[in-house]
Amino acid sequence: MAQTKDPELTAINGHEDQEEDFATLFEASNRADLGSVGTDNKIRGNIVSIGDEWVFIDIGGKSEGAISKEELLNSNREFALKIGDPITAYVIAQRDGDVLLSVKMTQAASEDAMRGAYTSGAPVEGLVTEERKGGYSVTVFGQPAFCPYSQMDRFSGGLPDDYIGKKFFFRITEFSERGRNIVLSRRDALEEERQKKIEELKQTLREGEIVRGVVRKLAPFGAFVDIGGPEGLIPMSELAWSRTESASDVLSVGDEVSVKIMGLDWEKSRIGLSLKQVQDNPWDSVSHRFFESFETTGMVTRLANFGAFVELEPGIEGLVHISNFGMGRRINHPREVLNPGDSVKVRVISVNQEEKRLGLELMRDVEGISSDEEPQEVTEGTVVTGEIQSIKDYGLFINLPSGKTGLLRTAEIADLSVRELRKKYPVGAAITVKVISVDPETKKIALSLKALEETDERNQVQDYLKSGRTKKSFGTFGELLKSKLDKKL
């Protein structure tokens, strides 16, 4: 006899079957979600919950990832993130439906995630234990690993004491024999971190800012400084206000310095830096320390045809013109009196703060200079021999034996172009001129070649006429010549 089904029992059994089907589908859905996430992937999600030890990340679908809170502390060991903030991390393991994430694999991550770190490129934390042939021994999650010398840092030349006993982040570049052969690279991890910082600085760094950096390399043309990711160059001219022959005179590798951003060219990866611009410019207050008639001692830094440069203090140099070397006697070259490195006593004769120029003269007690020689006075009508200091569109500046500078305007030379002037009267050349005026207030000295030529010509004519007075007749040609000379006079 056929048995009839209890409707209520049938309904209950049907409901249980439906719940079982939903549970099966839900579990299958979870497995599908986790399968799509997988291990060894780099993902991006948002913080949905913050616990005491773990931070939970929405990684899409029904899955959430968990990351150790320890990994997300900033440099001050503070947790500064909040719910909703984005996080980029590596999927390193899955357990019981949970997805374990890591930004940089520390001991918070499981040891069985090392293979995942190898395939995904996630940084792992390791302790450098000792130096060995070809590199260093490193312990990662309790397992021995090896890092070659060339992969320990971005720059060569580091000493073992810089690394042994310290923890760093590495990338696993080789993982074989089930973890018995692990090769690491700290250099790769540093480079990725550097590129990340560069991208951040591109948004914030501006010309004119003062930043901190570390000297990484010295070169014949300057010093390279790491300013927190990117590297910039301090050229020789920006190392110090004083003249610098070598970058090593100012800096050493490893020095921490403050520098000013002088130029940014991200496309060519060029950053110009200045060390001296963060220091006081000694020329800004030079007139308070050095003024006319002030006597001091300095060191000869270099010699030129037209004089000697003397350093009075770091960054402050003055020029002793060659006309001052002999105190009245002619000197062909400064080396006749001085050598670089000599200590000399000088007197300040002019100060030009705007053009950063100091005019100096040697004191009489300098060896090789006679104390009984008096400097040649410059007065109106005096004929003097000086040296061309500079050439301008409007004339020539001449260094005179008195230590003063006079101006020979183009109108007092000849009808020559600036190019012709430079060719005929080069800087450093000696020139004889006549003083046509000396301003009693400003002490400006005006010079002239034309006036000198007219004086010479007049003297020649006078000499000719004097010599002719003893003769009774010049003759026909002589009379004509005398007539023309008389007209000219």
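Quick note: the coordinates plus some simple rules give every number you see, no bench work behind them. Bear in mind the structure is a predicted one, so any value in this text is a computation, not a measurement. Glycine gets a Cβ as well: all are built from the backbone with ideal geometry, and neighbour counts include every protein chain shown.
By the equivalent-ellipsoid construction on the alpha carbon gyration tensor, the range 282-362 comes out with semi-axes of 21, 13, 11 Å, ordered largest to smallest.
Among residues other than Gln277 whose Cβ falls under 12 Å from its Cβ, what is the net charge (Lys/Arg +1, Asp/Glu -1)?
Details: positive: Lys260, Lys276; negative: Glu207, Glu209, Glu238, Asp280.
Net charge around Gln277: -2.
Sorted largest first, the spans of the alpha carbon positions of the range 123-190 along the three principal axes are 33, 20, 20 Å.
Structure shown: which of Lys133/Lys196; Lys69/Lys260; Lys260/Lys423; Lys276/Lys423; Lys42/Lys167; Lys133/Lys167 lie over 31 Å apart, alpha-carbon to alpha-carbon? Don't jump to the answer; show the numbers that get you there.
On the way: Lys133/Lys196 33 Å; Lys69/Lys260 37 Å; Lys260/Lys423 41 Å; Lys276/Lys423 37 Å; Lys42/Lys167 24 Å; Lys133/Lys167 20 Å.
Among Lys133/Lys196; Lys69/Lys260; Lys260/Lys423; Lys276/Lys423; Lys42/Lys167; Lys133/Lys167, the Cα-Cα distance tops 31 Å for Lys133/Lys196; Lys69/Lys260; Lys260/Lys423; Lys276/Lys423.
What's the Cα-based Rg to Rh of the range 205-278, Rh via Kirkwood? Provide the component values of the computation, followed by the final result.
Details: Rg = 11.1 Å, Rh = 12.0 Å.
With Rg and the Kirkwood Rh in hand, the quotient comes to 0.93.
Taking each residue as 0.36 nm, the span from Met299 to Glu174 lengthens on full extension beyond its C-alpha to C-alpha distance by 38.9 nm. Each of Tyr90, Tyr163, Tyr149 has some number of other Cβ atoms within 10 Å of its Cβ, and from fewest to most they run Tyr149, Tyr163, Tyr90.
So if we plug the beta-carbon distance of Asp393 and Ser237 into 1/(1 + (r/R0)^6) with R0 = 22 Å, what FRET efficiency do we get, rounded to 0.05?
Numbers: r = 27 Å, r/R0 = 1.24.
That gives a FRET efficiency of 0.20.
When the Kirkwood radius is taken over all Cα pairs of the range 383-448, what Stokes-Einstein diffusion coefficient follows at 37 °C and 0.692 mPa s, in µm²/s? Intermediate values should be presented prior to the final figure.
Values: Rh = 11.8 Å.
Result for D is 278 µm²/s.
Applying 1/(1 + (r/R0)^6) with R0 = 60 Å to the Cβ-Cβ distance of Lys196 and Asp439, what FRET efficiency is obtained, to the nearest 0.05?
Details: r = 66 Å, r/R0 = 1.10.
Once the sixth-power term is evaluated, E becomes 0.35.
Sorting Leu396, Leu218, Leu101 by the number of Cβ atoms found within 10 Å of their own Cβ, with the fewest placed first, yields Leu218, Leu396, Leu101.
Here the range 382-405 is scanned for amide nitrogen atoms under 19 Å from the site 7 Å beyond the Cα of Arg422 along Cα-to-Cβ, giving 388-398.
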